[in-house]
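Below: the structure, in structure tokens.
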Amino acid sequence: MKLIPSYIFILLFLIGCKTTDLPKNDKQTEELLNKIQRQTFKYFWEGAEPTSGLARERIHLDGVYPQNDKDVITIGGSGFGLMSILVAEKRNFIQPQEALERFKKALNYLDKIPRFKGAYAHWYDGPTGKVKAFGNKDDGGDIVETAFLAQSLICIREYYKNGSPEQKDIALLAHKLWKEIDWAHYTNGSNVIFWHWSPEHEFGMNHPIQGFDECLITYILAASSPTFPIDKQVYVNGWTRNGKIKTAIEKYNIPTVAKHNAIQGEVGPLFWAHYSFLGLNPNGLKDDYVDYGKVVKNHTRINIAYADDNPNNYLGYGPDKGWGLTASYSINGYEAHHPDNDKGVISPTAALSSMPYSPKESIAFANYLFQNLESKVWGPYGFYDAYSETANWFPQRYLAIDQGPIIVMIENYRSQFIWNLFMNAPEIKEGLKKLNFQYNK
């Protein structure tokens, strides 16, 4: 009998591996992920708005800001940035005392600026701390952006709660800010959470939050609040639409599992699979209707299948090239890209922030960028927000809400660090139990 060389066994083993079984300790891959995380983190460290220490909404290397918003800070993006500081300390990109000092600055700033029943506005002017209206009637509390920030407050508290007296002080301030958010107020006395409220316009925006989109974390936090919690029925009626969130719709023969908050048969931009799940671990997370691990993984698989199909024959598309459609800068302004709204624009955050769901394809995407487009797409704060090979369009611009998930989700793939901080918080465990979630990671 002829012996089979050992390398054939290794090859057969790798072919048989599931994507999630691929080794994470390959030296070259570790160096790649460190490089991406370290450089992207600079957006929130060196690029932070100086008065607050929080995240600028956008950074344009050309210095052109048509809306005169260079020093506007974003609350949701700042939440992502605060989580990235925890990652940076863990990875020794910064020293522990440096992280602590930045948290002191940022959290004390957050304690002083205007809030609306404990919730934050979408934008603030960094130097003055005054609210900058996001739009018509949107000049008060934004409970979704607040939820993105609150994830980070809980993680900071959990990280520091058993530390030195100085660290415990930060943990106490983070807990104070979290528990002062009046989630119940944003139901307006009904069984759904409304996105906006302001003293002048009250609930005039009239935007009920219903799934599936980026907002699951809002309901989880609202149910988990130690001070102003919502009832389970608000979640059932609001987020799940009384169970109608469950669907048999498929795209590319891949079940969507949850009805996306989009036109029938379409899926939303890929950030829907990221923003709620920076802290909330979707693996094994199921409510009475859907399995959220399957929702986000299949959303990612649909994007990969679409790039492979590439019906518009755009340059640089493919599962081992460019893939991932999400909301980002676009050739004509800003666009919520998805398979049914494809402008030939790839947003690096889409694939990179999907790394826990598709490590093989996400790492292949990163390698493709470095090997083929590096000087065009890589800058002082990591990969630029978006690019188009077809249009030869490579703007040197960044957005906080796209940079933050890259750092955090790569870390969740590598160590589950942020997931573990958040999911082990006592009130999160109780909130999930209250909503009858199963969680078996």
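The values are calculated or read from the model by the stated rules, or taken from the named source; none is laboratory data. Note that the structure is a prediction, hence the values are computed from the model and not measured. Please note: Cβ atoms are built from the backbone with ideal geometry, for glycine as well, and neighbour counts cover all protein chains shown. Protein only, heavy atoms only, side chains kept; ligands, DNA and RNA dropped before computing areas. Shrake-Rupley method; radii C 1.70, N 1.55, O 1.52, S 1.80 Å.
Some points to look at:
- For the chain, the solvent-accessible area with a 1.4 angstrom probe is 40 square angstrom per residue.
- For residue 72, distant residues with modelled amide H under 5 Å away: 57, 126
- Charge-dipole axis of the range 75-125 as Lys and Arg at +1 and Asp and Glu at -1 on Cβ define it, positive-most pick from 114, 84, 103: 114
- Between residue 70 and residue 420, the contour length at 0.36 nm per residue exceeds the alpha carbon distance by 122.6 nm.
- Principal-axis analysis of the Cα atoms of the chain puts helix 359-372 at an angle of about 80° to the longest axis.
- 18 Å reach of a label modelled at residue 176, 7 Å along Cα-to-Cβ, counting backbone N of the range 112-138: 112-120
- Computed about the Cα centre, the dipole magnitude for the range 339-441 is approximately 340 debye when only Lys and Arg (+1) and Asp and Glu (-1) carry charge, each at its Cβ.
- Peptide packing for 426-435, 399-408 was compared via the average number of neighbouring C-beta atoms within 10 Å per residue; ordered from the highest value, the list is 399-408, 426-435.
- Between residue 227 and residue 436, the FRET efficiency estimated from the beta carbon spacing at R0 = 22 angstrom works out to 0.50.
- Taking label positions 7 Å along the Cα-Cβ direction at both residue 105 and residue 391, the computed distance is 3.6 nm, reported to one decimal.
- Cα gyration tensor shape of the chain, rounded if a/c is under 1.5, else prolate or oblate by comparing a/b with b/c: rounded
- For the chain, share of DSSP beta bridges that run antiparallel, in % to the nearest 5: 95 percent
- Surface composition of the range 205-264: carbon and sulfur atoms hold 47% of the protein heavy-atom accessible area at a 1.4 Å probe.
- Given R0 = 35 Å, the distance between the Cβ atoms of residue 312 and residue 26 translates into a calculated FRET efficiency of 0.55.
- Within the accessible area of the range 282-411 (1.4 Å probe), percent carbon and sulfur: 41 percent
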